[in-house]
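Novice: Quick one: structure below, then a few questions.
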Amino acid sequence: MTKEISDRKRKSKKTSIKHKTHPKKQQTDSKTILGTTFIVVRGLSIIFAIMLSVGAVFAFSTGTGYLMSLITDVKVPSVNTLTDKINTIHEASVINYSNGQKISDISSDLIRTKVSSENISQNVKNALIATEDENFKSHKGVVPKAFFRAILGESTGGASSGGSTITQQLIKQQILGDSPTFKRKATEMVYALELEKHLSKDQILTDYLNVSPFGRNNKGQNISGVEEAAQGIFGKSSKDLTVPEAAFIAGLPQSPITYAPYNADGSLKSKENMQYGLARQKEVLFNLYRNDYISKKEYTAYKDYDISTEFIATGSAESASHGYLYHVVYNEAFDKVYDYLIKTDKVSESDQGNDAVKASYQKLAASKLSEGGYTVTATIDQNIYQAMQTAVANYGYLLQDGTGENQTGNVLMDNQTGAVIGFVGGLNYNTNQNNHAFDTHRDPGSSIKPIVAYGPAIDMGLMGSASRLSNYPAKYSDGTQIMHDTSAGTQEMMTLQDALDTSWNVPAYWTYQTILKAGKSVKPYMSKMNYGIKDYSIESLPLGGGIEPTVVQHTNGYQALLNGGKYEPYYVVDSIKDDTGKEIYKHESQPVQVYSKATSSIMAELLKGPIKSQKTTTFYGQLSGLNPALASADWVGKTGTSNNFSDVWLMVGTPAVTLSSWVGHDDNTPMAAMTGYLNNSQYVAQLANAIYQANPGVFGINQKFAMDPSVTKSTVLVSTGEKPGTITGGGFKNVAVSGATTTSNWATPDGAPSTQYKFAIGGSDSDYADAWSKILGKK
């Protein structure tokens, strides 16, 4: 059964694979375009004639005018551009650190080996032509009637009738993708007609056989190109394929995964599933006979031969192992390539909403990204990232408190740009693939207070830096006590600074209620920073209730607060270049002003307190012992703890960067009470020190937070946080209030008001009676 066809008269004469010579035509001129348009128009006139009989099918279009507009809008590429794209087989794409050093090749289980025409058996070429495009040798790139049948089938929801020639299929695979849009179809036609002018039939056939998918090989790998198909299925070179072998391989491109004999693990398919490919082979053999490539006697012999006996045994393939970094960069790069393809092809919004179009472009984006020879440059600093991984490996034990394995997620973000410089996805990727920095959504606890309560209240002019807030016992509307650990409050109108430093809950609760009672909303602030909050009426919102950001998103919130109030959406991909060096994507700043500059500078000054006071974290003391130089930076930050100690957070920053840390169990079970105050503080100090050792300049030690000129400075009473004045209320009438003063920074021009009886944020009548008795010395 290995008899070859040799010297048959009907065997096509071997043609050169070199470009045809066209002097003085290095690029397509107007005459070429007119010629191409004429051929297409002539073909379309046939199509339109047929359309008249099935006009209802194309009622959505404007007939000839619609299709003609698609054709005339196609810009025919130059000869060199077109042929280069067709002949190029891309290398593996790569992901690099910000310094250009490789992170990893982008994984693809697709393997492909390019071979020349003389190394491809004529049996394969004949089988392909007979099955895929029997008019291949005579047409000029497009067969209008067949093309119309395919359009008709797709537009009515039926299966394609095989309207694409081999030339069109090559165009689709190498340039356009398979998006099911009429615009893509029209472009495919124009390109195919143009390509046939410049490449020989054999070159087109060879290119097609080098790039087409052929399913899976005996190792379970995706194979592309006839050489890998021959080696991976029959264990031989494509130039040595017999007629039955060639028929089997030539039938695969129509449905590669279905017809290939191997499963994803490289094992041979069941007898039942194997039948699809074997039946397809017999179809190809019949097409060879029908088109006079083989005799009836040969056909009978070949179809009765069991080709499955030649399938080689299962092998094993090496698999690449990736970590948190690879997947984070790949996922963002995928989105950028998808957007680029949509934009390049000018896909309409309506088509983008079509599931089939979306799926086809997602498939194309994945293919381009893995096999297009792209270079993806990440924002990740190589030295810093590696130092962070070493730190979690060496000091992750500090986070353990005897309650089970405590995981962590950390992000280092550039405050000015939003670029992620480094991150820690977890203790060990090999044992836990959940990326706790980018994918885990958790309760932020009190770390949300500056973002959702105090920042907006200052921005709205409802309070200043020296304002007083009620820390008397309070209850939610359902009667539940608002607690902070085991204490219900300190029975005082405390300063905003004290409320932040010790992270009391009642002051934050009253701040948020004050915003609501003023008829205002924090939704504009949170929406601008992409916090996903479904219900803004939740009373515990300023304590973390109803908010579950990822670590990277929450870091981004602090980035905005510390960057003059300007939110720069985080990113990990700086640029993407194709295999020609063309930059198809470059990150562009898209700043959103969330808080005023005044608010940002006021909050930065206030947030020095939680770090320096060490009332809720020992981070500053730990860092001072490890690295006094680094501790001299202008540190700010805030802690956070959710109910039952299920989550602990530490957000720290300098004018240059924000460094975040979340710790918790994946199943949300509680941790020990001291995990946040001590364990996480020790760990973050070690992490910051490791980052500094890798890149001393990243923290901007010499930079300082400065009060913005737009800040209004008001001289206020220390006791009330408001200007000296007279009060009336609670038994008092026109009582002058004076005493020690301080400066209160306000984000609005009016600054602090004069002292009122209800001078603080929140509190009941009895709370104010008690507060005034303390202020005025009355019992």
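The values are calculated or read from the model by the stated rules, or taken from the named source; none is laboratory data. This structure is a prediction, so every number in the text was calculated from the model and none was measured. As a convention, Cβ positions derive from the backbone with ideal geometry for all residues, glycine included, and neighbour counts pool all protein chains shown.
Novice: Which one is surrounded by the fewest Cβ atoms within 10 Å (Cβ to Cβ), of the residues in segment 568-583 that are touching a residue at least 40 places away in the same chain (Cβ under 8 Å) and farther than 17 Å from PHE423 by Cβ?
Specialist: Keep residues of segment 568-583 that are touching a residue at least 40 places away in the same chain (Cβ under 8 Å), which gives 568-579.
Retained after the next criterion (residues that are farther than 17 Å from PHE423 by Cβ): 575-579.
Values: SER575: 17, ILE576: 25, LYS577: 17, ASP578: 18, ASP579: 13.
Top of the filtered list is ASP579.
Novice: Working carefully through the options ALA250, ALA260, ALA356, find the one that is under 30 Å from LYS582 (Cα atoms), hydrophobic (A, V, I, L, M, F, W, C) and under 38 Å from the mean Cα position of the chain (by Cα). If you could, list the steps in order and put the result at the bottom.
Specialist: Details: ALA250 fails: under 30 Å from LYS582 (Cα atoms); ALA260 fails: under 30 Å from LYS582 (Cα atoms).
Among ALA250, ALA260, ALA356, only ALA356 is under 30 Å from LYS582 (Cα atoms), hydrophobic (A, V, I, L, M, F, W, C) and under 38 Å from the mean Cα position of the chain (by Cα).
Novice: Follow-up question, since we're still on this one. For segment 750-779, give me each residue that is over 55 Å from the mean Cα position of the chain (by Cα) and hydrophobic (A, V, I, L, M, F, W, C).
Specialist: Across segment 750-779, the qualifying residues are ALA769, TRP772, ILE775, LEU776.
Novice: Does VAL552 satisfy the condition of being within 25 Å of SER661 (Cα to Cα) and either surrounded by fewer than 21 Cβ atoms within 10 Å (Cβ to Cβ) or in contact with a Lys or Arg (Cβ under 6 Å, 6 or more places away or on another chain) (or both)?
Specialist: For VAL552, the condition - within 25 Å of SER661 (Cα to Cα) and either surrounded by fewer than 21 Cβ atoms within 10 Å (Cβ to Cβ) or in contact with a Lys or Arg (Cβ under 6 Å, 6 or more places away or on another chain) (or both) - is not met.
Novice: Now a separate question. Evaluate segment 243-265: report whether one residue or more is among the polar types (S, T, N, Q) and assigned to a strand (DSSP E or B).
Specialist: No; the residues of segment 243-265 include none that is among the polar types (S, T, N, Q) and assigned to a strand (DSSP E or B).
Novice: Another one. Would you tally the residues in segment 74-125 being in contact with a Leu (Cβ under 7 Å, 6 or more places away or on another chain), at pLDDT 90 or above and either over 21 Å from GLY225 (Cβ atoms) or of a type in the set (Ser, Thr, Tyr) (or both)? Walk me through it before giving the result.
Specialist: The initial filter retains those residues of segment 74-125 that are in contact with a Leu (Cβ under 7 Å, 6 or more places away or on another chain), namely 82-83, 86, 93, 103, 106, 120-121, 123-125.
Remaining after also requiring at pLDDT 90 or above: 103, 120-121, 123-125.
Of the ones still in play, those that are also either over 21 Å from GLY225 (Cβ atoms) or of a type in the set (Ser, Thr, Tyr) (or both) are 103, 121.
So the answer is 2.
Novice: I would also like to ask the following. Looking at segment 616-640 only, could you name the residues that are outside any helix (DSSP H, G or I) and closer than 25 Å to GLY418 by Cα?
Specialist: Hits for segment 616-640 are SER632, ALA633, ASP634, TRP635, VAL636, GLY637, LYS638, THR639, GLY640.
Novice: Okay, next question. Only one of ALA250, ALA260 is under 16 Å from ASN126 (Cβ atoms) and surrounded by 22 or more Cβ atoms within 10 Å (Cβ to Cβ). Can you tell me which?
Specialist: ALA250
Novice: How many residues, within segment 534-577, are among the hydroxyl-bearing types (Ser, Thr, Tyr) and either closer than 16 Å to TYR454 by Cβ or assigned to a loop (DSSP other than H, G, I, E, B) (or both)?
Specialist: Result for segment 534-577: 6.
Novice: Does any residue of segment 509-524 turn out to be more than 36 Å from the chain's Cα centre (by Cα), more than 21 Å from GLY721 (Cβ to Cβ) and small (Gly, Ala, Ser)?
Specialist: Looking through segment 509-524, at least one residue is more than 36 Å from the chain's Cα centre (by Cα), more than 21 Å from GLY721 (Cβ to Cβ) and small (Gly, Ala, Ser).
Novice: Further question on the same structure: How about segment 263-281: which of its residues are among the basic types (Lys, Arg) and farther than 15 Å from VAL124 by Cβ?
Specialist: Those that are among the basic types (Lys, Arg) and farther than 15 Å from VAL124 by Cβ: LYS269, LYS271.
Novice: Out of curiosity, is LYS368 within 18 Å of the chain's Cα centre (by Cα), surrounded by 14 or more Cβ atoms within 10 Å (Cβ to Cβ), under 26 Å from GLY220 (Cβ atoms) and basic (Lys, Arg)?
Specialist: Criteria met by LYS368.
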